[in-house]
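Just below is one structure, and these are the notes that go with it.
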Amino acid sequence: MDELENTSKLNMRQFLMKQIIPVLTEGMIEVYRVGPTDPVDHLADYIFTKSNCLRKQVKSKKSA
C-alpha cells in the first residue's frame, strides 16, 4: 500500500505505467494463452485475483 500512497506524487502517465500497465499486460497475455469464451470476464477475474495477491504481499511485508 505504500506504493499506492506514493503514486499520488506521480502524474497520470507515470502512475499508469508503474501500477496498471504491467498487470493489464500480464492479464491480456493470459487471455490470449487461455482463449476463454468470455475474454473480458476472464481478464476481470485475472485482475481481481492479482490485486488480492498484491494486497496480501503488502500486508505480509508490513507485519514482518
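The values are calculated or read from the model by the stated rules, or taken from the named source; none is laboratory data. Keep in mind that this is a model prediction, so the values were computed, not measured. All Cβ positions, even for glycine, are placed from backbone atoms using ideal geometry, and neighbour counts span all protein chains on display. Note: areas computed on protein heavy atoms with side chains; ligands, DNA, RNA excluded. Shrake-Rupley method; radii C 1.70, N 1.55, O 1.52, S 1.80 Å.
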**Prompt:** Between a first residue in the stretch 16-27 that is under 17 Å from Arg55 (Cα atoms) and a second residue that is surrounded by fewer than 13 Cβ atoms within 10 Å (Cβ to Cβ) and of a type in the set (Asp, Glu), which pairs have beta carbons less than 9 Å apart while being 6 or more apart in sequence or on different chains?
**Reply:** Lys18/Glu3; Gln19/Glu3
**Tabulated pairs, the stretch 32-48, first under 17 Å from Pro22 (Cα atoms), second surrounded by 15 or more Cβ atoms within 10 Å (Cβ to Cβ) and among the acidic types (Asp, Glu), C-beta under 7 angstrom, 6+ apart or interchain** = Tyr46/Glu30
**Message:** Filter the stretch 11-64 down to the residues that are open to solvent by less than 100 Å² (accessible area, probe 1.4 Å), at pLDDT 90 or above and outside any helix (DSSP H, G or I) and list them by number.
**Reply:** Gly35, Pro36, Asp38
